[in-house]
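Worksheet for the structure shown next.
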Amino acid sequence: MDIGGITMNDNNKKYEKDMVYEIASKHNIIIADEFDKVYINEKPDKKKNTGGAILLILFALPWLLVGIFHLYFGIEDICYLVHTKTICTELVQGEVSDIKQIDGEGGNRKSIFYRPVFSYSYNNEDYTYEARSTSKKREPELGKKVDIYVAPDSPDTVYIPEYKAERENAVFDLLFGGSIITVILLLYFKIRNS
């Protein structure tokens, strides 16, 4: 190795210790006396853990797809709710005219979800709106009066502030999908850099 015009190696020991330390300090070199060797202060090349990263990708791929699915629909639902809240400006009185029961299978037990149907009138015409989201709670109650905001240009497009399940489901999808993707990416980079 050539440092400042002086060649240094393990066999060349003719330089005094003080001079070696002076040269070493100028060139950011660490000297380990007990081993009688000179080390340059550089980090050794790390081998990338590609095997662990590939294994993580294979096992995490289904979860990553679930995360992307939930994130996509969460963003889509939030955009839809913001859009309908913006364009729906006409307030009308409506009521819960029906609550549809949806049976779902989840493992060993049966899940039951509910989707309300709202009825309202706008410009002397009757409309019904079936909620986009389901809920595990049977609410709002059948026959309950609710405020419904209608889009004047498209009266079948509504925003119902009292029906919170649509907002809750959108936020859940967004948080759940984002969390899954974040955890998988953190694990991937941790394995990759180890």
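The values are calculated or read from the model by the stated rules, or taken from the named source; none is laboratory data. This one's a predicted model, so the numbers in the text were calculated from it and none came from an experiment. Counting neighbours? That spans all protein chains shown, and the Cβs are built from the backbone with ideal geometry, glycine included. Calculation scope for accessible area: heavy atoms of the full protein, side chains included, ligands and nucleic acids excluded. Shrake-Rupley method; radii C 1.70, N 1.55, O 1.52, S 1.80 Å.
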Run V171 past the list (1) surrounded by fewer than 18 Cβ atoms within 10 Å (Cβ to Cβ); (2) outside any helix (DSSP H, G or I); (3) touching a residue at least 24 places away in the same chain (Cβ under 8 Å) and report the number of the one that doesn't hold. (2)
State the number of residues belonging to region 78-121 that are at pLDDT below 95 and in a loop (DSSP other than H, G, I, E, B). 2
Can you pull out every residue in region 102-119 that is in contact (Cβ under 8 Å) with a residue 24 or more places away in the chain and exposed (fewer than 14 other Cβ atoms within 10 Å of the Cβ)? I102, S111, I112
Count of region 184-194 residues which are loosely packed, with under 14 Cβ neighbours inside 10 Å and either hydrophobic (A, V, I, L, M, F, W, C) or in contact with a Pro (Cβ under 9 Å, 6 or more places away or on another chain) (or both): 3
Quick check on region 174-189: of everything there that is free of Cβ contacts under 8 Å to residues at least 24 places away in the same chain and aliphatic (A, V, I, L, M), which residue is nearest to Y129 (Cα to Cα)? V183
Counting only residues that are open to solvent by 30 Å² or more (accessible area, probe 1.4 Å), more than 16 Å from C88 (Cβ to Cβ) and part of a strand (DSSP E or B), how many does region 131-159 have? 1
Test: residue in region 161-168 that is out of contact with any Leu (no Cβ under 7 Å at 6 or more places or on another chain), surrounded by 13 or more Cβ atoms within 10 Å (Cβ to Cβ) and in contact (Cβ under 8 Å) with a residue 24 or more places away in the chain: yes
